[in-house]
Amino acid sequence: MDFHIERAKVLPKSNLAKFLEGLKNLSTLIAPVKKGDKFIFSEIEKVSDVAVNYTRTILPPKKFLVPYRRERFSYSTDTLQFNKEFKVRDQIIFGVHSCDLHGISILDSVYLKENPDPRYLEIRKRTVLIGISCMPDEFCFCLSTGTAFPDGANWDLFLTDIGADYFVTIGSPKGDEIVLKLRKLFKDIEKKDLYLYKESTSKKKKAFKLEKLPDLERISQLIELEYDSEVWKEGSERCLGCGTCTNVCPTCFCYTSVDVPTLDGKKVKRIEFTTSCQYPYYSLVAGGHYFKPDRASRFKHRYYHKFVGYPYQIEKLGCVGCGRCSAECPAGISIVETINRLRGIDEKELREATEQASSR
Amino acid sequence: MVRIGIMGLTGCSGCQCEILNCQEALLKMLKRVSINFFPLAQDDNSLEDLDILFVEGSVTTEEDERKVKKGREVSSLLVAIGSCACYGGVQSQRNDEVSLTEMVKAVYGEKGVPVKVSKPRAVSEVVEVDYELPGCPLDKKQFVYTVASLLSGVKPFFPKIPVCHECKLSENECLILKGIPCQGPVTFSGCGAPCTSAGVGCQGCRGNCDFPNFEEMVSLLTQRGLSVEDAVKFLKVFRGYTAKEIKVRGVVDEKGA
Ligand code: SF4
Ligand code: SF4
Ligand code: SF4
Ligand code: SF4
């Protein structure tokens, strides 16, 4: 892990509300809140609304970095003068789980590695990311994708639950600054905190049902080798093409852009909005030709991009194991199950074996 | 001035009222267009030489047919508005199940109707249609966007993607997953998912999205307690003639199912 131990602190849970209040005074605070039976990232007005013990939000925090609908520019039809109305604000996103931090790191690679997107860069510079530890549910498989714990340096602070306190690791100078500003709320680390911190890692690992995790060893090769597998066709028969799996994914980035004129015809706005490779029009070109004419080819495309395309583009898998696509799919299609089937593992047998093992 | 007409056939006039509800946009529009034909809203009307004609309602009476054919002749562009005009409307949901005589008898009794009627048809089943703005009623924003695009000489762009798109991006809990029947996955978006955002399953009022997977939709609905027959009836309510695309897994071309 990428920090100096003297640069970690302890935040007593009893100080959490004050900490959040402190963050809110620094800039716009965004954090998970409850919505119905689920959670969503939302701008915070009352810090008592913040939900720290959540499993997953419907949409990832991506929506505050790459809005689902954004104006690129507008132009005047008379003078052809272009105008960029691009407003950025300082924001702190609190309560981001490890998988989503990794998701943002993937977006960073996509948007910033070559030809940096100036809008993304600007937003990213003015965003503080504060992570929080979590326990997996039946949809999570971040242990397989290597994203169960934060690493790298794309986040600023990370809070690990160690019982009565949070163990706070500092990932950046921006994080350091926040701790400094709110230093009264923190304690220095003691030996027992270090012990509890280390223990929390194994506690999370143990919470996974290992036999349910997908085997992602050489996954790119597997997907390429199984390009003509029947598994794609079987999955696509159930797939509704509803786009939920990509819309909720923390790493998907596809968008459509369209020019929208005003009623007086004097101004045109170029609007970009999120789209999905699961929609037929995604592959439609002039002349009415569909590059992905059937559901099976669209269904396969997402897996292909996640596990072959991303590694090729950014040397990382395009999946961080957050489980959103499986948890939200109206047809109940599971990415883990699809991978297991490609591997030739029979789900039914597997389930029976697990049930037997757990009833013993 | 661009010459516009707004015509109502057999329908509830709800879509025409929605147009009247676009108050601010209408005022802006009136700087560039003249409304030459709009019997619902004004007294002096002339159905001649139009640039764009918006047509609401299904073609159900002889008079409807005459009017819409004339409208097509005199207008450069014809835009069908609302699900009656686009698909035939709720009044056509049993078109494939009963005869016209049975329909008339069920609604008007032995006396029948004094005008000559046919089974309700979509406008495109009678004349050529350039654009379709479905919905019950049509979406005001889409109407304004369409007018703005056509006035600027560009085609309005409406990708036929499912309602789930707007529903999910509104961060609604998925109703299907909660066991509530929802047609979102097979329905043309553009409405902004107001029904699912209010906790009511999508009723499919905007018709089919591109390549809808009805087999899986029916199977999901039946897993949520509907019989296959009821699931199909539910899907047929707003889809009019496009309901012929509904297929049920394992059932080969059986009438009504
Ligand atoms: S969420 Fe499920 S049904 Fe929808 S497109 Fe993705 S795999 Fe298909
Ligand atoms: S593919 Fe699915 S599990 Fe992987 S990151 Fe995207 S939403 Fe999460
Ligand atoms: S191609 Fe599909 S899977 Fe890949 S980023 Fe785009 S929407 Fe996501
Ligand atoms: S509630 Fe309906 S429209 Fe929304 S995601 Fe679920 S199936 Fe799709």
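The values are calculated or read from the model by the stated rules, or taken from the named source; none is laboratory data. Please read all numbers here as calculations on a predicted model, not as lab measurements. Cβ atoms come from the backbone with ideal geometry, glycine included; neighbour counts cover every protein chain shown.
Okay, here's what the table says:
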read-out: Spans of helices (runs of 4 or more DSSP H) in the range A:249-337 with at least 3 residues within 16 Å of ligand 1 (Cβ to nearest atom) and within 14 Å of chain B (Cβ to nearest Cβ); value: A:295-304, A:324-328
read-out: Any helices (runs of 4 or more DSSP H) falling wholly within the range B:51-129 and containing at least 1 residues that are crowded, with 24+ Cβ neighbours inside 10 Å; value: B:62-74, B:82-87
read-out: Residue in the range B:173-180 that is within 21 Å of residue B:122 (Cβ to Cβ) and β-branched (Val, Ile, Thr) present; value: no
read-out: Flag if residue B:187 is away from ligand 2 (no atom under 16 Å from the Cβ), crowded, with 24+ Cβ neighbours inside 10 Å, closer than 26 Å to residue A:64 by Cα and more than 9 Å from every other protein chain (Cβ to nearest Cβ); value: no
read-out: Hits in the range B:113-157 - residues which are touching a residue at least 12 places away in the same chain (Cβ under 8 Å) and within 10 Å of chain A (Cβ to nearest Cβ); value: B:144, B:147, B:150, B:151, B:156
read-out: Matching option when the condition is within 15 Å of ligand 2 (Cβ to nearest atom), more than 24 Å from residue B:221 (Cα to Cα) and not aliphatic (A, V, I, L, M), among A:330, A:293, A:311; value: A:311
read-out: Residue match in the range B:1-9 (condition: farther than 20 Å from residue B:87 by Cα, at pLDDT below 95 and within 14 Å of chain A (Cβ to nearest Cβ)); value: yes
read-out: Residue in the range A:171-180 that is more than 30 Å from residue A:125 (Cβ to Cβ) and either touching a residue at least 60 places away in the same chain (Cβ under 8 Å) or among the acidic types (Asp, Glu) (or both) present; value: no
read-out: Selected residue (only one of A:239, A:252 is of a type outside the set (Gly, Ala, Ser) and either more than 8 Å from ligand 3 (Cβ to nearest atom) or surrounded by fewer than 23 Cβ atoms within 10 Å (Cβ to Cβ) (or both)); value: A:239
read-out: Of residues in the range A:239-248 being at the interface with chain B (Cβ under 9 Å from one of its Cβ atoms) and assigned to a helix (DSSP H, G or I), the one farthest from residue A:106 (Cα to Cα); value: A:244
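Conditions (1) surrounded by fewer than 22 Cβ atoms within 10 Å (Cβ to Cβ); (2) away from ligand 2 (no atom under 16 Å from the Cβ); (3) within 14 Å of another protein chain (Cβ to nearest Cβ), marked per residue:
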{"site": "A:103", "(1), (2), (3)": "no, no, no"}
{"site": "A:108", "(1), (2), (3)": "yes, no, no"}
{"site": "A:117", "(1), (2), (3)": "yes, yes, no"}
{"site": "A:124", "(1), (2), (3)": "yes, yes, no"}
{"site": "A:143", "(1), (2), (3)": "yes, no, no"}
{"site": "A:146", "(1), (2), (3)": "yes, no, no"}
{"site": "A:152", "(1), (2), (3)": "yes, yes, no"}
{"site": "A:156", "(1), (2), (3)": "no, yes, no"}
